[in-house]
Each structure stands twice: as C-alpha cells, then as structure tokens.
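The values are calculated or read from the model by the stated rules, or taken from the named source; none is laboratory data. As the structure is a prediction and not an experimental result, all values here were calculated from the model. With ideal geometry, Cβ positions are generated from the backbone for all residues, glycine too; neighbour counts draw on all protein chains shown.
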Amino acid sequence: MPDLLDYINRPNDIKNIKPQDYRRLAGEIRSFLIEKVSRTGGHLASNLGVVELTMALHLFLSFPKDKLIWDVGHQSYTHKLLTGRKEQFDTLRQIGGISGFPKRRESTSDAFDTGHSSTAVSAALGMVKARDLKGEDNKVVAVLGDGALTGGMAFEALNNAGRLKSNMIIVLNDNNMSISKNVGGMANYLAKLRTSTRYTEFKENMENKLVKSIPGGKELVNVLKRSKDAVKYFMLPSMFFEDMGLTYIGPIDGHNIDDMLSALQTAGKTKKAAVVHVITKKGKGYVPAESNPSKFHGISPFCIDNGKPVSKDNGATYTQVFSSSLIRLAKQNDKVVAITAAMPYGTGLSAFKKHFPDRFFDVGIAEGHAVTFAAGMAAEGFRPVVAIYSTFLQRAYDQIVHDVCINNLPVVFAIDRAGIIGRDGETHQGTFDLSYLSHIPNMVVMAPKNKWELDKMLEFALSYDGPAAIRYPKGEAYQGLFGNKEPIIYGKSEIIHKAEDIAILAVGSMVKTAVDVTKMLKQQGKEATLVNVRFVSPVDYEMLEELSKKHSVFITVEENVRTGGYGQQVSDYICRYNKQGIRHINFSIPECFVEQGGIGELHEKMKIDAKSIADRILNEL
C-alpha cells in the first residue's frame, strides 16, 4: 500500500485524502518528521504536537489564496509538508536548503516570515484590513501558542482585533508549554477554561431568534445577556476574550480533526475576530519528546531509538560556564538574582533555580518586561542578571535605554547566542547586539575570549555600579590562551602578543580565530600584534593610541554587522584623530540577514574564517 504522503505534492492535495484516512496520514507525517529531524536536527516537539491541527487548517483553508500566519513559526514543518516541500526535507536547516521557519521566498503558501513570539495576531490583523480595503474574501488565520500570550504585543493585537467588524480567526494552540513550562497568570487562566462550541452556538441562535420573532425581543436579549454574563463571569473564565470583543470557541481537542474542522467552520461564519482554543500535547507520538518536550524543542541530530544526541560536546559550553559562574557568585552575594524570559533551560538558569528558587524569576515570553522588572529590582539594591539570547534582547531595546541606562542601574545582561548561531537562520542570528548596545550612554559592553574570561567578566559586571552586558557565542567554550589572565579592568583591552606594523584587534569569539590568523601570517613571514579587545564600550582609546605609534595596519575582527560595530569605532578613531598613516581592514558581517547553515560554513561564506582573513590580509598587504 503506497504512503498517503506520496499523494501530497502540491498545496491543497490533502483535500483529496478520504476522512477515514486522516489518522493514518497523521501517523505518516509524525514518522516522516521524526526520521528527518533525527538527521538534520530541528524543532521536533512543537511540530509533533500540531500535526492534526495543521491538517485541519489545510482542510479548512485554500492555499495560497487564504493566509495562514504561524506565530514564531518553528511549528510549521507539517505545513511545509502539506504544501509540496516533502522532497526538500533532507535539506532542512542546511545552508541553501529549506528553513525551519516560514519563508515567503520558499512558497506562496507561506504568508509571513516569522521567528519571534507574539507577532502573528498583529500581522494577521494587518492582512485582514488589507483584504477588506481591497474588497477580497480570503480567510486569514493566525496560530499562536499559549506561551505567546505572555508577550505584550499579543495583547496589543487582541485589543485591536476586538474592534474588527469582519472575520478573522485566531487559533490558540494550548499545550501548557512555550520552550519550557509556561508560567504566570495567563497560564493559570488558560488552565481554567472549560467551555464548548455549544455555548457559542446557543448564544447566537438565542439572540437571532429572539430579536427576529418576539416583540420587544431586543430588550429581552439585553436583560438575558446581563443575567447570563453575571452567571458566566462566575462559571466561565472565557469572558476575558468575549469582553475584548472576540468570539471564543473551545477548548477543542487539538488531535481530533473533525472537532477542529467544525470549530473552524463556526469561527469562519462570524463577522468579527474569533478565538478557537485547541488543546494539544507537545511531542505527541514520540515518547522521548512527550517525556521531555523542553529537550526536544530544539534538538541536534539524535538516535530515534532512545532520543539521545548522536554527538556530544567535548567541553563545557559558554552557557554552562555562565551558569556555574553565576551560582558561585550568587553564593557570595545574596543580592544577586537571575531573570529569564521563558528560557531557563536554554540560558543555563535551570541550575540557578535549583540552588536559589527564591532568587530566580521566569517572567514568560516578555523580554521588555524582563528588563524593566530587573531595573526595578536594581533600583532597590539588588544585582539582577538578565539572561537572554541576543536575537530576543532586540525586543527590549527601548527598556534597555529608557529604564536601565538612563537610570544608570546595575543590571547585568548575559547575552547568549551572540554572533552567528547557525541553523535557525535570519530571525535568530545574534549579529546586531554590539551595534544596538555599544552606542547607548552608560552601557558597558564586553566579550570574553575564553571560558576563564567569561567567569571573570561576570564577576566584574556584578561589582560594577552601572549597566553591563556580556555577549558570548553558542557552543563549546574556547579553552585556549589560559596563560593570558590579566585582570579585567574597566575599559582596558589585553595584549596577547606584541609585534610591530600589523595589529589584529579581535572581539570575543573571534580571538580564537585571530590566533589562527596570526599563525598563518607568521608562516608567511609576517608577525602581528594580537589584541583581545574585551571592551567594545567604552573603547580603549589609550591602547589604540599606543598601537598607532608602531603599527601602520589595524585589522579589526568581530562577529557582528559592520555598521555600528567595533570596527567602525576604530575607523572613527583613525579619522577623528587624523591618523593618516594607519590603514584599517575591517572584518565583520556584511549588512545582510545571515541565512541558516553550520556556524563554520557561515563564517566561510561571510569571509570571517581564519583562512579567508589571512588570505585577504596577505593579498592587501
């Protein structure tokens, strides 16, 4: 018997599958995803949880006419399968292959590129208003997870959607998880929702029939509505959505296609925004992912039989070094507290929570709130450490400026996944943080060269009386240069090797690369001074002045976009102080969004790997 997936090669082919075969197709999809992700790595648990939901949406919608917007987008693998990308799954998250997120360039069935949480309702609402202005009749559906409701942008959009006078569907995928277990009032609220489509149908039928068939029916409806609302406030917490002007339908079994189709069809008949609340199980159908959905949220290649990674890191990661260092320092200072935005596992704060449960705070997917929350604690004498990935810290830029730096408060930002992080692609690369942080007054920005220096920079940051950020990359911590352990002094760089004429100034993760570059240059008869920059803000101008006396070439190397990066600050120094005798070569990331791929592959493509740097230096000199 041929696989049902063999019959799905274009958008809408699922409509040719017989209803009695839906369960079989769901099983084939899960097997396919487990097999492919075990080889390429990717977001497994979230995708296994939405197989039936995605099938129901594809049975309800017609692509590409109708628009489906996935919040975050890491759960769109089944959507990609059902829109004809099955043969490309061997290239999932590989350089030049298909993305692990929706991409408009891949398919006209991908309505919107997404990668960060709590954005789908805003984008969908914009598409609805555009549809209405154009006089079109396509459906628009936004799918967001319950974790996304901890993000303020989702509430801003829901508030706006409550005024809508035409149809829009918001599917709330409730699995009680974001990356880790959801926290806070919204998680508790969703746990209490217990209603059904029968209530919505009864309410609409009652109002229509009374208004049309009974003299004075409109006033009677109002009286009944007031008494009904009083009872419902007491019994049904779904009034939150209804009072915002949204029709609420649910909760629905998110693994029952018939029930979801019925709910979607009901929602599609409303003349306003409707919320369809579905309950799913993250990791469904694969026992290791069901048992540990956080681990299988984003997973490297693994053995299907037991779920264990195929390969292991040889040494501690920067995240693990940060975690251990923070625990050590928190034992010495009871004012040290740790804050995460729904990522205790990814940022290494799970261990801190075990040691200091009363000093650990998970605020949910709410990066802006996390930063201002930290500012409030700092204003009252605590030493908050906010651990957030570089790409997600972008979402809190205003709070960093307005609430932390203007107040000059001692908040420490532990910026994980800085620089090129690999296979999650454009929305997740941490290539902008040096630019968006180093120009803010009062902000100190540091980058460690190795594991020892990360520990010492965290120690320095917690003793510094002002905002401080430490950015470090994904993956195994560099263990070289352990003999170079000059103390961390405010605004001072470290000279690793002295020479003349050529000076290489490397930032953080690129020090390791610069060590290899100096070796390659030496093989060609060229010695170079090697500087570990350490502080991107403030810039060590005293060191630059000293170097300018015996060097005619400055080479800056950083894993950040060129604009606003350390290299441009060095160029500014050369121009500002009229250092006409110095030539500057800037190695950084071009002004582009870096695609997915292996970190080493992307370094080569961006020409910031050791060989590319050495070759260019030799050619230009």
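Looking across the stretch 324-343, the residues that are within 15 Å of Phe460 (Cβ to Cβ) and surrounded by fewer than 23 Cβ atoms within 10 Å (Cβ to Cβ) come down to Ser325, Arg328, Leu329, Gln332, Asn333, Val336. One residue stands out in the stretch 495-508 among those that are over 35 Å from the mean Cα position of the chain (by Cα) and part of a loop (DSSP other than H, G, I, E, B): the one that is surrounded by the most Cβ atoms within 10 Å (Cβ to Cβ), namely Ala499.
Among the candidates Val511, Val445, the residue that is under 20 Å from Ser390 (Cβ atoms), touching a residue at least 60 places away in the same chain (Cβ under 8 Å) and part of a strand (DSSP E or B) is uniquely Val445. Among the numbered conditions (1) within 28 Å of the chain's Cα centre (by Cα); (2) over 25 Å from Ser463 (Cα atoms), the only one that Val570 does not meet is (1).
Is there a residue in the stretch 417-434 that is part of a helix (DSSP H, G or I), touching a Pro at 6+ places or on another chain (Cβ under 8 Å) and outside the structural domain of Ser612 (by TED's automatic domain parsing)? Show your work before the answer.
Taking the stretch 417-434 and keeping what is part of a helix (DSSP H, G or I), we get 433-434.
Add one more test, that the residue is touching a Pro at 6+ places or on another chain (Cβ under 8 Å), and what stays is none.
Among the residues of the stretch 417-434, not one is part of a helix (DSSP H, G or I), touching a Pro at 6+ places or on another chain (Cβ under 8 Å) and outside the structural domain of Ser612 (by TED's automatic domain parsing), which makes the answer no.
Can you find even one residue in the stretch 503-526 that is touching a Phe, Trp or Tyr at 6+ places or on another chain (Cβ under 7 Å) and farther than 21 Å from Asp433 by Cα? Within the stretch 503-526 (the criterion being touching a Phe, Trp or Tyr at 6+ places or on another chain (Cβ under 7 Å) and farther than 21 Å from Asp433 by Cα), the answer is yes, since at least one residue qualifies. With respect to being modelled with pLDDT under 95 and in the same structural domain as Leu462 (by TED's automatic domain parsing), Ile327 falls outside the description. Looking only at residues of the stretch 541-588 that are closer than 20 Å to Leu434 by Cα and among the hydroxyl-bearing types (Ser, Thr, Tyr), we find that the one that is surrounded by the most Cβ atoms within 10 Å (Cβ to Cβ) is Tyr566. Being under 26 Å from Gln429 (Cβ atoms), buried (at least 24 other Cβ atoms within 10 Å of the Cβ) and touching an Asp or Glu at 6+ places or on another chain (Cβ under 8 Å): is that true of Gly42 here? No, not satisfied.
All but one of (1) surrounded by 21 or more Cβ atoms within 10 Å (Cβ to Cβ); (2) within 29 Å of Lys15 (Cα to Cα); (3) under 24 Å from the mean Cα position of the chain (by Cα) hold for Ala289, so report the exception by its number. All conditions pass for Ala289, except number (2).
Within the group Leu618, Leu602, which residue is closer than 26 Å to Glu453 by Cβ and not in a loop (DSSP other than H, G, I, E, B)?
On the way: Leu618 fails: closer than 26 Å to Glu453 by Cβ.
One residue alone meets the criteria, Leu602.
Considering only residues that are outside any loop (DSSP other than H, G, I, E, B) and over 20 Å from Phe460 (Cα atoms), which ones fall in the stretch 474-494?
The one that is outside any loop (DSSP other than H, G, I, E, B) and over 20 Å from Phe460 (Cα atoms): Glu476.
A residue that is farther than 16 Å from Ser493 by Cα, of a type in the set (Ser, Thr, Tyr) and in contact with a helix residue (DSSP H, G or I) (Cβ under 8 Å, 6 or more places away or on another chain) occurs nowhere in the stretch 546-560. For the stretch 7-43, give me each residue that is farther than 28 Å from Ile299 by Cα and either assigned to a helix (DSSP H, G or I) or of a type in the set (A, V, I, L, M) (or both). Listed by number, the residues that qualify are Tyr7, Asp13, Ile14, Lys15, Asn16, Ile17, Pro19, Gln20, Asp21. Report yes if Lys579 is part of a loop (DSSP other than H, G, I, E, B) and either in contact (Cβ under 8 Å) with a residue 24 or more places away in the chain or within 29 Å of Gln429 (Cβ to Cβ) (or both), otherwise no. So Lys579 passes the test. Of all the numbered requirements in (1) free of Cβ contacts under 8 Å to residues at least 40 places away in the same chain; (2) within 17 Å of Asp609 (Cα to Cα), Gly483 misses one, and that requirement is (2).
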